[in-house]
């Protein structure tokens, strides 16, 4: 059984060089977090008062090669890339090349959304504040999971087919697709690809010497100290491909490490001014980036007495014990990251992992944050460990119940009633076929989405994806005409464990052959 530890250290502990006992407690907490949440590797960095006071890696960067994870190990920071996208836009705004309230159509004339009014009025600021009306993760299947073949231009064209879930500018619904569009604005205004702009105009002057604007660039540079991603399969983490589709770089493509991410944190805490005194973003636009643009609900109870919560430009904003908190998380299949700033305390906390357990980074972030806020006697490892175990048991039962029912069901459907091609306007063709005695499903635009169709009820199947790391099995439910022939299909996850970027529920598949 994992040893539970009590963790508290005072503000001065890290400022005194020989205060080794408190550093050991943090080391121990991280090691215990790796065991509790089955995370192969993690790196953690802390910035305080303009100095990096902690930067270490733990565990291994890959279960395949067992090489150690250290402060220089590259990790896909995922949606923590969004802060870079908005900083890039702020630079262009300072140069007079864009305004936040410019219409998107000024730079991308072909851009349209489902509602003509929104098409005519959506602005750059709307793109990067999750308030354009698209729902949580809506459209993400155009780039997620990795290995799809849709381009940025395809995404821009296909947005018009996404039916918004909410009225324009009314709610915060986290969405990646609009950041892809924002990245294309940067490309068209600057003449540079998004990744090149980020590297040349931000990373280089900030001093992020080992980071890359895309996974492809990291691979091209033959970077050796890089993670494999890991995801739980059958209750145990295994190594899975760690890559990223260039299409979505502006939403989550950066590769970085603790050394560079603490440099980034220090730059931001220093008012967007580099170590050599160069200001990359004006005070006006720096303030704009960290100003609340769209609010969201705050829970009735909060461990930090939070009174407001919402999104600025590229960062989530809230208050913790009376202090402004600027933070973001990021997640890919097999890796999650977390980035936290408390500006008035000159405090930055960065956690990078090579597994997809958010409970692991939350344990570390909250424990460090509690120490600096002088909150005693909260054992976040136990809190998140117990919660994680309960959730895993709940999700496992959801999936077991579905497969138990499917194992007992015998379908009367004939092959000619449903086999063929189904098309969704924004996602493309999905093929249903028969291979031997098994039914199969394959996405033409996202070829890694393939699997078995297992009869579940009179008009539905369970899709069991070949890649078990997805943990995103779905129902495939058919609608029939008066002659008993399938005319359309809908999909939805069989379990709440499914990541929101597996946006199956927004597909409207029409049978075309």
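Residue-wise test of (1) crowded, with 19+ Cβ neighbours inside 10 Å; (2) within 26 Å of residue 469 (Cα to Cα); (3) touching a strand residue (DSSP E or B) at 6+ places or on another chain (Cβ under 9 Å).
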position: 215; (1), (2), (3): yes, yes, yes
position: 218; (1), (2), (3): yes, yes, yes
position: 226; (1), (2), (3): yes, yes, yes
position: 234; (1), (2), (3): no, yes, no
position: 241; (1), (2), (3): no, yes, yes
position: 244; (1), (2), (3): yes, yes, yes
position: 250; (1), (2), (3): yes, yes, no
position: 262; (1), (2), (3): yes, no, yes
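Of everything in region 407-439, what is free of Cβ contacts under 8 Å to residues at least 24 places away in the same chain, under 18 Å from residue 485 (Cα atoms), in contact with a strand residue (DSSP E or B) (Cβ under 8 Å, 6 or more places away or on another chain) and surrounded by fewer than 18 Cβ atoms within 10 Å (Cβ to Cβ)? Give them in sequence order. Passing the criteria: 415, 431, 433, 434.
The condition of being within 17 Å of the chain's Cα centre (by Cα) and over 26 Å from residue 66 (Cβ atoms) holds for only one of 195, 182, that being 182. Considering region 115-218, there are no qualifying helices (runs of 4 or more DSSP H) wholly inside with 1 or more residues that are at pLDDT below 95 and on the phi < 0 side of the Ramachandran plot. Confirm whether residue 168 is in contact (Cβ under 8 Å) with a residue 40 or more places away in the chain and within 30 Å of residue 114 (Cα to Cα). When the stated conditions are applied, residue 168 passes them. Looking at (1) surrounded by 20 or more Cβ atoms within 10 Å (Cβ to Cβ); (2) modelled with pLDDT of 95 or more; (3) touching a strand residue (DSSP E or B) at 6+ places or on another chain (Cβ under 9 Å); (4) within 18 Å of residue 371 (Cα to Cα), which one does residue 14 not meet, given that it meets all the others? With (1) surrounded by 20 or more Cβ atoms within 10 Å (Cβ to Cβ); (2) modelled with pLDDT of 95 or more; (3) touching a strand residue (DSSP E or B) at 6+ places or on another chain (Cβ under 9 Å); (4) within 18 Å of residue 371 (Cα to Cα) applied to residue 14, the lone miss is (2).
Within the option set 266, 260, being farther than 20 Å from residue 372 by Cα, in contact (Cβ under 8 Å) with a residue 24 or more places away in the chain and either assigned by TED's automatic domain parsing to the domain that holds residue 226 or more than 24 Å from the chain's Cα centre (by Cα) (or both) holds for one residue only, 260.
Residues in region 64-102 that are under 27 Å from residue 279 (Cα atoms) and either free of Cβ contacts under 8 Å to residues at least 24 places away in the same chain or not assigned by TED's automatic domain parsing to the domain that holds residue 129 (or both): 95, 96, 102. The single condition among (1) crowded, with 19+ Cβ neighbours inside 10 Å; (2) in contact (Cβ under 8 Å) with a residue 24 or more places away in the chain that residue 60 does not satisfy is (2).
Being in a loop (DSSP other than H, G, I, E, B), closer than 28 Å to residue 472 by Cβ and not assigned by TED's automatic domain parsing to the domain that holds residue 471 is a property that residue 230 lacks. Scanning region 109-123 for residues that are closer than 15 Å to residue 184 by Cβ and touching a residue at least 24 places away in the same chain (Cβ under 8 Å) turns up 110, 111, 112, 113, 122.
You will find that of 421, 449, the residue that is at pLDDT 95 or above and out of contact with any helix residue (DSSP H, G or I) (no Cβ under 9 Å at 6 or more places or on another chain) is 421 and no other. In region 200-209, of all residues being more than 17 Å from residue 251 (Cβ to Cβ) and in contact (Cβ under 8 Å) with a residue 12 or more places away in the chain, the one that is surrounded by the fewest Cβ atoms within 10 Å (Cβ to Cβ) corresponds to 209.
Selection of strands (runs of 3 or more DSSP E) fully inside region 405-483 by the criterion of at least 3 residues being more than 23 Å from residue 163 (Cα to Cα) returns 428-435, 438-443, 450-457, 460-465.
The values are calculated or read from the model by the stated rules, or taken from the named source; none is laboratory data. All values reported here derive from a predicted model rather than from experimental measurement. Cβ: placed from backbone, ideal geometry, glycine included. Neighbour counts: every protein chain shown.
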